[in-house]
Amino acid sequence: MCARFALEFAGDLPESLKQALASPLLLALADAVQSSIPSVRPTDRTPVIHGNAASPVVEPCTWGLIPRWARDVTIARHTFNARVETLAEKPAYRDAFRHRRCLVPVSHWIEWTGVERQRAPVAIAPPDGLGAFAGLWESWRAPNGEPRRTFTVVTCPPVPALAHLHDRMPLLLSPADWATWLDGRPSDPVPHPLEGPYAVRTQVR
């Protein structure tokens, strides 16, 4: 499960991303990180990158996916994470998996570890301090006609280096897979999470 992350990045984009990303995605990422958000929780808004890799769009969306067929917003309480194993099957996600994928820029995310009543937050940062989760997005129209853009973060089994923290992790994509995820078809293999190295720290504000 991933229920809290951040988008805080100052300065030039990492060289690894500059070398791996084509110009449109690089420009979209630079646009997204203009927003500095120290804590993103379900129901919060944060920039996501959607569209196709050749002409990506950066747009603030609300965390907690509301499918187009939903009658109200209550489903969003349960749809802020989507398991990669069932994206093509679950009614809440399968249409977005086919047609509306996105990238969720992130500087770190939080996992809670330890025994009950002594659990502590641990911050996990991608290499170079900036990355992107695989996500899905939707455009839902409220009964009053107001449009609302929402998204979910895709989760997967953890890489070995993070398995001691949790049995799930957000699907943090390798930069080489950003375009593959955005432009992928349901029949394509889903990219594996980036192996790391991750920066893990226990001092979390």
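Find all pairs meeting these conditions: Cβ atoms under 6 angstrom apart; at least six residues apart or on different chains; first residue within region 94-107 and over 19 Å from S55 (Cβ atoms); second residue assigned to a helix (DSSP H, G or I).
S107/G129
Go through region 67-94 residue by residue and tally those that are outside any strand (DSSP E or B), polar (S, T, N, Q) and surrounded by 12 or more Cβ atoms within 10 Å (Cβ to Cβ).
Total satisfying the criteria: 2.
Report, by residue number, each residue of region 1-19 that is in contact with a helix residue (DSSP H, G or I) (Cβ under 6 Å, 6 or more places away or on another chain) and within 22 Å of V154 (Cα to Cα).
L17
Of the conditions (1) surrounded by fewer than 22 Cβ atoms within 10 Å (Cβ to Cβ); (2) among the charged types (D, E, K, R); (3) touching a helix residue (DSSP H, G or I) at 6+ places or on another chain (Cβ under 9 Å); (4) closer than 22 Å to A32 by Cα, D177 satisfies every one except a single condition; which number is it?
(3)
Assess whether T79 counts as being among the hydroxyl-bearing types (S, T, Y), touching a Ser or Thr at 6+ places or on another chain (Cβ under 6 Å) and closer than 23 Å to C156 by Cβ.
yes
Would you check if there is a residue in region 134-152 being part of a loop (DSSP other than H, G, I, E, B), buried (at least 20 other Cβ atoms within 10 Å of the Cβ) and touching a residue at least 60 places away in the same chain (Cβ under 8 Å)?
Looking through region 134-152, none of the residues is part of a loop (DSSP other than H, G, I, E, B), buried (at least 20 other Cβ atoms within 10 Å of the Cβ) and touching a residue at least 60 places away in the same chain (Cβ under 8 Å).
Of all residues being in a strand (DSSP E or B) and modelled with pLDDT under 95 in region 103-121, which is farthest from the chain's Cα centre (by Cα)? Just the residue, please.
So the residue we want is A120.
Within region 96-119, how many residues turn out to be aromatic (F, W, Y) and either out of contact with any His (no Cβ under 9 Å at 6 or more places or on another chain) or buried (at least 23 other Cβ atoms within 10 Å of the Cβ) (or both)?
Residues flagged as aromatic (F, W, Y) and either out of contact with any His (no Cβ under 9 Å at 6 or more places or on another chain) or buried (at least 23 other Cβ atoms within 10 Å of the Cβ) (or both) within region 96-119 amount to 2.
The values are calculated or read from the model by the stated rules, or taken from the named source; none is laboratory data. All values reported here derive from a predicted model rather than from experimental measurement. Counting neighbours? That spans all protein chains shown, and the Cβs are built from the backbone with ideal geometry, glycine included.
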